[in-house]
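Heads up: the structure comes next, in structure tokens.
The values are calculated or read from the model by the stated rules, or taken from the named source; none is laboratory data. All values reported here derive from a predicted model rather than from experimental measurement. Neighbour counts are summed over all protein chains in view; Cβ atoms, including those assigned to glycine, are modelled from backbone coordinates with ideal geometry.
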Amino acid sequence: MKDIRPWVQETLRERLPKEGIGVDFTMGNGNDTLYMAGLVESGHIYAFDVQKQACETTTQLLEKHGVLDKVSVILDSHSNMDKYVGDQMIDVGVFNLGYLPRSDKSITTQYETTKEALDKALERLKIGGVIIMVIYPGHDEGAREAQLLYDFCKTLDRHIYNVLLYQFINKNNPPHIIAIEKYKTVINKRVGSPV
């Protein structure tokens, strides 16, 4: 069985085409951003974080590997992704929830802004596209965020989305994945229209 990181990377490799658009909603130290930048040629990656340290570390990493031109490094909340991505459709998105490793652990992702970003991502997700959320329930806010995300994802229309929970259940509070695949076009329903 694949551990979390290899699973994420394999899924990104399968779903992000060379001309594709990817979003790293929580760039952190830039590892997912770098990986996606290495997969695209004419495509583009948008990477978000609210911490200046994350943006600086990621920029240095991308410069070192010669792929900074493929990435927009954005010091802003992922909940504002629409201001940068606009109406572009995306192929993949990655959330690594929790706090920035080796930094202030009091600064964590919050369900409210994560949910807002997720809603906007799902609106822009292409058919066959995937949103991956790596969840860390081992701290109080992480456990709260995880439960609220489970509850929300259970409500996603099964005729439009496949939702996967990838988790090792014999470990104590391990990170795990919720992956959302869009496989059918969303049709805007109007009041009184046939379902």
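Sub-9 Å Cβ pairs linking a first residue in region 170-195 that is farther than 16 Å from R124 by Cα and hydrophobic (A, V, I, L, M, F, W, C) to a second residue that is modelled with pLDDT under 80 and in a loop (DSSP other than H, G, I, E, B), at least 6 apart or interchain, are V195/K189, ordered by first then second residue. Scanning region 78-93 for residues that are outside any strand (DSSP E or B) and not hydroxyl-bearing (S, T, Y) turns up H78, N80, M81, D82, K83, V85, G86, D87, Q88, M89.
Suppose we keep only residues that are of a type outside the set (V, I, T) and under 13 Å from the mean Cα position of the chain (by Cα) within region 1-14. Which one would you say is surrounded by the most Cβ atoms within 10 Å (Cβ to Cβ)? Show your work before the answer.
Taking region 1-14 as the starting set, the residues that turn out to be of a type outside the set (V, I, T) are 1-3, 5-7, 9-10, 12-14.
Then keep just the ones that are under 13 Å from the mean Cα position of the chain (by Cα); that gives 9, 12.
Details: Q9: 16, L12: 22.
In this case the residue turns out to be L12.
When D49 is tested against the conditions (1) closer than 18 Å to A117 by Cβ; (2) of a type in the set (D, E, K, R); (3) surrounded by fewer than 22 Cβ atoms within 10 Å (Cβ to Cβ), the lone failure is (3).
For beta carbons closer than 6 Å, sequence separation of 6+ or different chains, a first residue in region 109-133 that is under 21 Å from A54 (Cα atoms) and a second that is modelled with pLDDT of 95 or more and basic (K, R), there are no qualifying pairs. The set of residues from region 2-21 being over 24 Å from D82 (Cβ atoms), touching a residue at least 12 places away in the same chain (Cβ under 8 Å) and assigned to a loop (DSSP other than H, G, I, E, B) comprises just one member, K18. For the residues T155, T113, the requirement of being under 17 Å from the mean Cα position of the chain (by Cα) and either modelled with pLDDT under 95 or not hydroxyl-bearing (S, T, Y) (or both) singles out T113.
Of the residues making up region 19-30, at least one is among the hydroxyl-bearing types (S, T, Y) and modelled with pLDDT under 95. Applying the criterion of being in a strand (DSSP E or B) and aliphatic (A, V, I, L, M) to the residues of region 22-46, the residue that is surrounded by the most Cβ atoms within 10 Å (Cβ to Cβ) is V23.
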